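In what follows, a structure is listed as structure tokens, so that the remarks can point back to it.
Rule-based calculations on the coordinates, nothing more; no lab input. Values in this document were obtained by computation on a predicted structure and should not be read as measured data. Heads up, the Cβs are rebuilt from the backbone with ideal geometry, glycines too, and the neighbour counts pull from every protein chain shown.
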Amino acid sequence: MEEQPIIIKRKKKVVAGHHGGSWKVAFADFATAMMAFFLVMWLTSTASPEQKLAVQGYFRDPVGFTEGGSPNPVDLEGSASVVEESPQDTQPNQMQLEDEVVDELSETLEQRRMKELFQELEQRIEENQTLQEFKDQLLIDITDEGLRIQIVDRSGRPMFDSGSSQLKYYSQNILFELANTLGSVNNKLSITGHTDSTPFKGRPGYTNWELSADRANTARRALVAGGVRSEQIGRVVGLSDSVLFDKDDPFAPVNRRISIIVLNKKTAEDIQSGARPDEPVIDVTGPSEQEQQRATEQLEGGNWFNESEPPKEGELDW
């Protein structure tokens, strides 16, 4: 019987050597995570409450911040913005378009306010006993310059004494009643004096131009005394008979009138910027109240209407 060979397996021991490089990758990830953590902590400590809310909203709904919104919702002022800027040549056009829209809205609102003021004045005329009595002498309409109120003369019922800038008592009452409403608006006012074509005689160097300007200035004083603020007055002018109400009859009483215009924004800005109106006007400074009173007394006394007796030296001190 043959003996079986004995087989002995010997395992070769391998001496442990150098480790692999996987630990380096793990350490690098750990270092990066720690840097990100400390960076978030620093940004959180320096961010404002509004910025924190924006960050919170971004992480809750990032789609809402990117679709239709800004891709850079929070700017912590630490880096340059990545938002693409629009070309500079398109920005002025966009701004101009926005300004035009704002101007159109402003004009629409102003037109609406003018119509409301028109209705308010009509209602006041109907309800006020003083204005109701002179309803036929009050003409109200809306022009390119704004809301216009014309107080015209009627036969036997003039606003002023003949050849004078002294208001009749009822004319003063009309202006006082109108001032209550006009003083409640923020618009500037324009006051214009008009005469008919009858030449003014009796006072050398004093014509319908001076007379219409003095009457406009007298109306201004009455409005201010009735409640209109002094800073509301934007223009006081005299136009003589250059703008007739009744062109077919230049001597008609209706041509003698005072026009009060509640100026719209554009017209008021044109006046402030020194733009010249289309129609000829003369600026009014006017005499003082004492001088005007003395002149009125002289007019009423007939001193200046008798051409055979010219005024004495010193009487004409304007």
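Is there a residue in region 189-205 that is touching a Phe, Trp or Tyr at 6+ places or on another chain (Cβ under 9 Å) and part of a helix (DSSP H, G or I)? Within region 189-205, none of the residues are touching a Phe, Trp or Tyr at 6+ places or on another chain (Cβ under 9 Å) and part of a helix (DSSP H, G or I). One residue stands out among those in region 160-184 that are assigned to a loop (DSSP other than H, G, I, E, B) and touching a residue at least 24 places away in the same chain (Cβ under 8 Å): the one that is surrounded by the most Cβ atoms within 10 Å (Cβ to Cβ), which is Ser165. Would you point out the residue of region 143-159, among those that are under 17 Å from Asp270 (Cβ atoms) and not in a strand (DSSP E or B), that is farthest from the chain's Cα centre (by Cα)? Within region 143-159, the match that is farthest from the chain's Cα centre (by Cα) is Thr143.
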